[in-house]
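Everything below concerns the one structure shown next.
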Amino acid sequence: MDRKIGAQLYTVREFCQNAQDFEETLKKLSAIGYKVIQLSAIGDIPAETIRELCDRYGMTVACTHRSLQDYTDRMDEMIHYHKTVGAKVAGLGWMAQELRCDKEALMNTIAMFNRFSEQLGEHGLRFGYHNHAFEFSKIEGKMVMDYLIEYGKFDFILDTHWASYAGMDPSGLIQRLGKRASMIHYKDLSVDMTGKVEIAEIGQGNLDWDKIIAASKDCEYALVEQDTCKGDPFDSLKISYDFLTKKGFE
């Protein structure tokens, strides 16, 4: 694994909706120490502008999250976009209910994802699917994630929080996927005094990060993500960064 910590820009999405704010965000992330980012939920900023700004601040784009329609209707554009920004993994961050309502629908969806993977692969890119918790629900006695792993021919952008939220051991799942977990969202899970489960800064929750980090040896990048933050999201990203640097990251 590249020991450089990545920042999932979904964490700071409100500060990435135009080129000027995007540059300011890269400047702040660079000051914290981040050298890698994932593009997710950002504004309509041209790929060429993204690349120029990333080069300016020494940032590598590890992967993206794009919409399903981007891949079904605009694959040529997606290929150009990812090659321009330098991302090797083209990600999808969600699977709608109708795509997994029963086994037939799910198998059709997996076949579609495999087509994306093949199309992107012809241009040196890889398709990656990002999980939430619903992938661990069962269809005909088998978890959706098991179908994705068994029949899918694509990478995973694995989320440690949502796997744990669904009752899974993130480190065990990472080990099972091996190199297919090419990108891993590092996201902690905490419980407040009322019993409410929350997303927390890395090291501030209940996940076993020594086990998760050890299991991540075959992944390419670990990307810090925090869907919601109680305070300034840049402060949250710094807390996570500081924790991980003590674990050998940079």
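The values are calculated or read from the model by the stated rules, or taken from the named source; none is laboratory data. Everything numeric in this text was worked out from a predicted model, so none of it was measured. Cβ: placed from backbone, ideal geometry, glycine included. Neighbour counts: every protein chain shown. Side chains included, ligands, DNA and RNA excluded: accessible areas come from the protein's heavy atoms. Shrake-Rupley method; radii C 1.70, N 1.55, O 1.52, S 1.80 Å.
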* Enumerate the lysines that Lys179 could reach by cross-link, defined here as Cα to Cα under 20 Å, with residues fewer than 8 away along the same chain left out. => Lys4, Lys88, Lys153, Lys187, Lys211, Lys217
* Asked: Considering the dipole of the chain built from charges on the beta carbon (Lys and Arg +1, Asp and Glu -1) around the Cα centre, which of Val36, Gly178, Val224 is farthest to its positive end?
  -> Gly178
* To do: Please sort by residue number the chymotrypsin sites (Phe, Trp or Tyr not before Pro) in the range 1-109 whose DSSP state is loop and whose Cβ has at most 15 other Cβ atoms within 10 Å.
  => Trp94
* Asked: If amide H atoms are built 1.01 Å from N in the plane of the peptide, which residues on other chains or at least 5 residues away come under 5 Å of the amide H of Ile5?
  -> Lys35, Glu250
* With only Lys, Arg, Asp and Glu charged, each at its Cβ (+1 for the first two, -1 for the last two), find how big the charge dipole of the range 105-155 is about the Cα centre; round to the nearest 20 debye. => 40
* Options Gly93, Gly6, Thr245, ranked by Cα towards positive dipole end of the chain, top entry (Cβ charges) -> Thr245
* **For the range 152-247, size of Cβ-based charge dipole, Lys and Arg +1, Asp and Glu -1, in debye** => 380
* Cβ under 10 Å from Val61's Cβ, Val61 left aside: what net charge do those residues give with Lys, Arg +1 and Asp, Glu -1? -> +2
* Among Ser117, His82, Thr60, pick out the residue whose Cα is farthest towards the positive end of the charge dipole of the range 1-124, where Lys and Arg carry +1 and Asp and Glu carry -1 on C-beta, about the Cα centre. => Thr60
* Non-local amide H neighbours of Phe156 (under 5 Å, H modeled in plane, Pro and chain starts lacking H): which ones? -> Tyr129, Ala181, Ser182, Met183
* Structure fact -> Karplus-derived 3J(HN,Hα) from phi for the range 232-246 (6.51 cos²θ - 1.76 cosθ + 1.60, θ = phi - 60°), whole Hz, x at Gly and Pro, runs 5, x, 5, 5, 5, 4, 6, 4, 5, 4, 4, 5, 6, 5, 6
* Structure fact -> Residues meeting the amide H criterion for Ala200 (H placed from the backbone, H to H distance under 5 Å, 5 or more places apart or on another chain) are Asp188, Leu189, Ser190
* Leaving ligands, DNA and RNA out of it, report the carbon-plus-sulfur percent of the accessible area of the range 94-248 at a 1.4 Å probe. => 49
* Please figure out what share of the DSSP beta bridges in the chain is antiparallel and state it in percent, rounded to the nearest 5. => 20
* Describe numerically, in nm with one decimal, the distance between label points set 7 Å from Cα along Cα→Cβ at Glu250 and at Lys142. => 4.4
* the chain - mean residue ellipticity at 222 nm from DSSP helices (-39,500 (n - 2.57) per run, n ≥ 4, rounded to 500) -> -12000 deg cm²/dmol
* Lys, Arg +1 and Asp, Glu -1 on Cβ, resulting dipole of the chain about Cα centre, debye, nearest 20 -> 620
